[in-house]
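The values are calculated or read from the model by the stated rules, or taken from the named source; none is laboratory data. The shown structure was predicted, so the numbers you read here are calculated from the model rather than taken from an experiment. FYI the Cβ positions are ideal-geometry reconstructions off the backbone, even for glycines, and counts take in every protein chain you see. Please note that ligands, DNA and RNA were not included when accessible areas were found on the heavy atoms of the full protein model with its side chains. Shrake-Rupley method; radii C 1.70, N 1.55, O 1.52, S 1.80 Å.
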Amino acid sequence: MAVIAVTSCAKLEDYKQAVLHAGGEVRIVEHGMDVTDALRDVGGLLMTGGDDVSPSRYGESKHPATVEVAPERDEFEIALVREARRLGLPIFAICRGIQVMNVACGGTLVQDIPTQAKTALDHSFKVPPHKPFDYAHDVWVDDNSLLARLMSERLNGSDSCAVNSRHHQAVKDIAPGFKVVATAPDGIIEAIEDQSARFCLGVQWHPENFWRTGEFRPLFEGFIEAAGAASEVRR
Ligand code: MN
């Protein structure tokens, strides 16, 4: 079975359940660990959600709406992404994860969508406390992508589908080697992938919140399958 390194975060439970329900095994990794040890014998890396990446990491000064996080988490996770890519490990990056991955690979971020992007969409969509998830806006998915292949059942011949949304930042300048594979109707980048890698995908929404009902389970299943193949190679 593929072991997945999952970065520690405040809302870990749904990420764990999503990996377990797709047939993976979870190893929580966090700053303080050595990056090589964190990735030893794992088949894939799941980058989770959380606070903002320090803008100093991509050469910008801090916007008033940017919430600074623990620099140790930035430091650890950026190193983790670079090491996982060096090893050719499958990476699935969610919310803050897509942002960390983009910055780690040389990209930049929109620091605050409400003040820096012209949009009428609410990307910080509040979900009622009794609901595990709620849809906020559509995403348009590029046909020619891993994301579209994984979501073919959900897209069902269409080029868009509804997703949830809890972010005030987003990918701005995309890192070299990556391609934008989903956008919101307002142009905000919602998914990127490195198509030269076995599996290197970032999404801005929260597919892990749907683990009970399975709407986005194929994303996790595809990731775990790629991680299984990577584990075989590492053995
Ligand atoms: Mn969004």
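Observations, loosely collected:
- Tensor-based shape of the stretch 1-52 (alpha-carbon gyration tensor, a/c under 1.5 rounded, otherwise prolate or oblate): oblate
- Using the Karplus relation 6.51 cos²θ - 1.76 cosθ + 1.60 with θ = phi - 60°, the per-residue 3J(HN,Hα) values for the stretch 99-109 come to 5, 4, 4, 5, 5, 4, 9, x, x, 10, 10 Hz, with x marking Gly and Pro.
- Three-way shape label, the chain, alpha-carbon gyration tensor, a/c 1.5: rounded
- Anisotropy class of the stretch 140-235 from Cα gyration tensor, a/c 1.5 cut: oblate
- Among Pro218, Pro176, Pro129, residue whose mean-square fluctuation peaks in a GNM of the chain (springs only between Cα atoms under 10 Å): Pro129
- Computed magnitude of the charge dipole of the chain (debye, nearest 20; Cβ of K, R +1, Cβ of D, E -1): 200
- The stretch 109-165-the stretch 197-235 distance, computed between alpha-carbon centres (Å): 17
- A helix-only calculation puts the chain at -8500 deg cm²/dmol for mean residue ellipticity at 222 nm, using -39500 (n - 2.57) for each DSSP H run of at least four residues, averaged over all residues.
- Per residue, in Å², the accessible surface of the chain once ligands and nucleic acids are set aside, probe 1.4 Å: 43
- Protein heavy-atom surface of the chain, 1.4 angstrom probe: 50% of the accessible area is carbon and sulfur, with nucleic acids and ligands not counted.
- Other-chain or far-sequence residues with amide H under 5 Å of His137's (modelled H): Val163
- Distance between modelled label sites at Asp41 and Val180, nm, 7 Å Cα→Cβ extension: 4.3
- Among the listed pairs Lys11/Lys126; Lys118/Lys172; Lys11/Lys172; Lys11/Lys131, those beyond 18 Å (Cα-Cα): Lys11/Lys172
- DSSP bridge pairs, the stretch 3-234: antiparallel proportion in percent, nearest 5: 50
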